[in-house]
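The values are calculated or read from the model by the stated rules, or taken from the named source; none is laboratory data. Just so we're clear, the structure is a prediction, and the values are computed from it rather than from any experiment. Here the Cβ positions follow ideal geometry from the backbone for every residue, glycine too, while neighbour counts run over all protein chains shown.
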Amino acid sequence: MDVSLTLIVIMAVLFACGVYAMLERSLTRVLIGFLLLGNATNLLLLIVMGVPGSAPFFDSSEGSGDQQLSDPLPQALTLTAIVITFAVSAFLLALIYRSWQLGQADTVEDDEDDIAIRGRTDAEEDLMGDDEGEYADDDATTDFVGLATAPITVLHMRDHPAIDDAAPVDRPVGQASASRSATAESGDTHPSSEDER
């Protein structure tokens, strides 16, 4: 496989510049770094593809028998990388625009918690303990056993007087007359689905 050294050097430079730009605090530089990384990835896939050949769907029996076919997988991966780069770039542009609207700047600043964590010493970290050790002995379960601990309560018409459960219900034809007589006996004035038709 004959690979151009120029493409490898350009790819390495694009990767290095892209990573360096993504480590900045400015979101615009992060976007530029991401675009450089996307282009470097496309060059990497172009290098992996190797020597250009005939299209994969070309019938090699018509031409010379020693003609090589191009590998279609790097081509498909390159198209996928282009789409992913475009989508993430659009998302980053939306973040930059919103950041500029809110603070007239596109830089990411440290908040108070970041500064406090950075200021901790090793002794303070040891005093805080391991988070996993605190909860290792708990017999907590994720099953909601009692109704009082259930996160969702299903209310029915009989549970609360403000709930009107008069939605039409499809019933088989034989059960329709029985349900009509049952609702007439109970004094329910809501029409059934057959009455609405």
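A single entry from THR41, THR80, THR85 fulfils the requirement of being among the β-branched types (Val, Ile, Thr), loosely packed, with under 15 Cβ neighbours inside 10 Å, within 24 Å of the chain's Cα centre (by Cα) and modelled with pLDDT of 90 or more: THR80. Of the residues making up the range 84-111, those that are touching a strand residue (DSSP E or B) at 6+ places or on another chain (Cβ under 6 Å) and within 17 Å of LEU36 (Cβ to Cβ) number 0.
Scanning for something at pLDDT 85 or above and of a type in the set (S, T, N, Q), does the range 61-71 turn up at least one residue? No - not one qualifying residue is present in the range 61-71. If you take the residues of the range 20-36 that are closer than 29 Å to ASP71 by Cα and in contact (Cβ under 8 Å) with a residue 24 or more places away in the chain, which of them is nearest to the chain's Cα centre (by Cα)? Here the residue is PHE34. Within the range 91-111, residues that are free of Cβ contacts under 8 Å to residues at least 12 places away in the same chain and among the hydrophobic types (A, V, I, L, M, F, W, C) reach partners that are in a loop (DSSP other than H, G, I, E, B) and surrounded by 12 or more Cβ atoms within 10 Å (Cβ to Cβ) with beta carbons closer than 7 Å, at six or more positions or on different chains, in the pairs TRP100/ASP106. The set of residues from the range 94-116 being at pLDDT 80 or above and either under 16 Å from GLU24 (Cα atoms) or among the polar types (S, T, N, Q) (or both) comprises LEU95, ILE96, SER99, GLN101, GLN104.
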